[in-house]
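Peer 1: Structure below; questions to follow.
The values are calculated or read from the model by the stated rules, or taken from the named source; none is laboratory data. What you see is a predicted model, and the numbers here were worked out from it, not measured in a lab. Positions of Cβ are backbone-derived with ideal geometry, glycine not excepted, and every protein chain shown enters the neighbour counts. Calculation scope for accessible area: heavy atoms of the full protein, side chains included, ligands and nucleic acids excluded. Shrake-Rupley method; radii C 1.70, N 1.55, O 1.52, S 1.80 Å.
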Amino acid sequence: MTDMLFELPTTPSIPVKGEKAEYPVGRIFCVGRNYAAHAAEMGVEVDREAPFYFTKTPTAAILSGATIAYPPGTENYHYEMELALVIGKDGFRVSKDEAKALIYGYCCALDMTRRDLQLVARSKQRPWDLGKDVEQSAVFSTITKATEFEVTQQRIHLEVNGEVKQNSNLSFLIHDVCAVVADLSKFYHLRAGDVILTGTPEGVGPVVAGDKITGGIDGLDPIALTIGAAE
Ligand code: MN
């Protein structure tokens with residue numbers, strides 16, 4: 001083993017239902033504007049030709065049930081409830097038909113967002129990193145294997161302190177999971193460890209210290225996150 005000057009934070013891993021081994025997170029890709037009603041509430045058009053993406057640093061991943069500090073640099077920290085898929089096989093330039101075989105499983109995810117900074121970046125045509133690549137901002141529930149879950153017309157929902165804020169359906173995804181995997185594989189050599197958040201439905205909004213977020217997708221393990229005081 002090569003001697004290192006210092007140790008990096010360990011890569012987070014996500015538990016898998018029915019497996020002892022966990023799923024290590026290699027990369028995190030996120031789809032933007034994949035539900036028409038969410039694009040509308042953000043005041044933007046959807047692109048039906050192709051999805052677009054942003055990324056989060058893998059070390060931003062945390063597991064459902066965590067309590068996080070309200071992050072620095074924002075006064076408008078938002079929840080986004082999403083379906084995540086995780087890749088289990090290598091794939092490059094795959095067709096939509098071939099894409100399905102790459103998907104190892106699915107879980108609930110939260111794409112926590114500094115909305116104020118994202119909107120400033122958007123208006124100034126700057127990158128979204130400060131708004132989106134927030135420490136502890138990619139939250140995951142336990143993975144259900146693709147052999148035990150098929151995306152059809154499942155309800156996707158999120159509550160803050162028990163009050164329903166997002167309530168939609170996976171059938172409203174503009175680019176379905178196979179379309180997203182096929183499209184992303186035009187730009188990246190997809191491989192096991194790649195996690196893809198597929199976008200949020202309408203109803204996004206802010207949280208404050210003390211809030212408890214819960215969410216779910218029918219057929220998948222639910223997700224929860226508690227917002228603590230700012231550091
Ligand atoms: Mn999102």
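Peer 1: How many residues are on the phi > 0 side of the Ramachandran plot and free of Cβ contacts under 8 Å to residues at least 12 places away in the same chain if we restrict to segment 44-72?
Peer 2: Summing the residues that are on the phi > 0 side of the Ramachandran plot and free of Cβ contacts under 8 Å to residues at least 12 places away in the same chain in segment 44-72 gives 0.
Peer 1: Out of TYR35, TYR53, TYR70, which single residue is at pLDDT 95 or above, more than 16 Å from the ligand (Cβ to nearest atom) and over 16 Å from THR144 (Cα atoms)? Lay out the reasoning, then the answer.
Peer 2: Values: TYR35 fails: more than 16 Å from the ligand (Cβ to nearest atom); TYR53 fails: more than 16 Å from the ligand (Cβ to nearest atom).
Within the list TYR35, TYR53, TYR70, the selection yields TYR70.
Peer 1: It is to be established whether one or more residues within segment 80-101 are touching a Phe, Trp or Tyr at 6+ places or on another chain (Cβ under 7 Å), farther than 26 Å from ALA36 by Cα and not polar (S, T, N, Q).
Peer 2: Taking every residue of segment 80-101 in turn, at least one turns out to be touching a Phe, Trp or Tyr at 6+ places or on another chain (Cβ under 7 Å), farther than 26 Å from ALA36 by Cα and not polar (S, T, N, Q).
Peer 1: Can you tell me how many residues within segment 189-205 are at negative phi and either hydrophobic (A, V, I, L, M, F, W, C) or away from the ligand (no atom under 16 Å from the Cβ) (or both)?
Peer 2: 9
Peer 1: Tell me which residues, restricted to segment 126-142, are at negative phi and assigned to a loop (DSSP other than H, G, I, E, B).
Peer 2: ARG126, PRO127, TRP128, ASP133, VAL134, GLU135, SER137, SER141, THR142
Peer 1: Go through segment 1-38 and count every residue that is basic (Lys, Arg) and within 28 Å of GLU202 (Cα to Cα).
Peer 2: Counting residues in segment 1-38 that are basic (Lys, Arg) and within 28 Å of GLU202 (Cα to Cα) gives 2.
Peer 1: Here's something else I'd like to know. Given the conditions (1) more than 15 Å from the ligand (Cβ to nearest atom); (2) of a type outside the set (Val, Ile, Thr); (3) without any contact (Cβ under 8 Å) to a residue 24 or more places away in the chain; (4) touching a Pro at 6+ places or on another chain (Cβ under 7 Å), report the number of the one that ALA121 does not fulfil.
Peer 2: (1)
Peer 1: Right, here's the next one. Are any residues in segment 178-188 in contact with a Leu (Cβ under 9 Å, 6 or more places away or on another chain) and either within 16 Å of the ligand (Cβ to nearest atom) or among the acidic types (Asp, Glu) (or both), and if so, which ones?
Peer 2: VAL180, LEU184
Peer 1: Taking the condition out of contact with any strand residue (DSSP E or B) (no Cβ under 8 Å at 6 or more places or on another chain), in contact (Cβ under 8 Å) with a residue 12 or more places away in the chain and under 24 Å from LEU102 (Cα atoms), does ALA179 pass?
Peer 2: Yes.
Peer 1: Do you know which of the residues in segment 73-96 that are in contact (Cβ under 8 Å) with a residue 60 or more places away in the chain and open to solvent by 30 Å² or more (accessible area, probe 1.4 Å) is nearest to the ligand (Cβ to nearest atom)?
Peer 2: The extreme case among them is ASN76.
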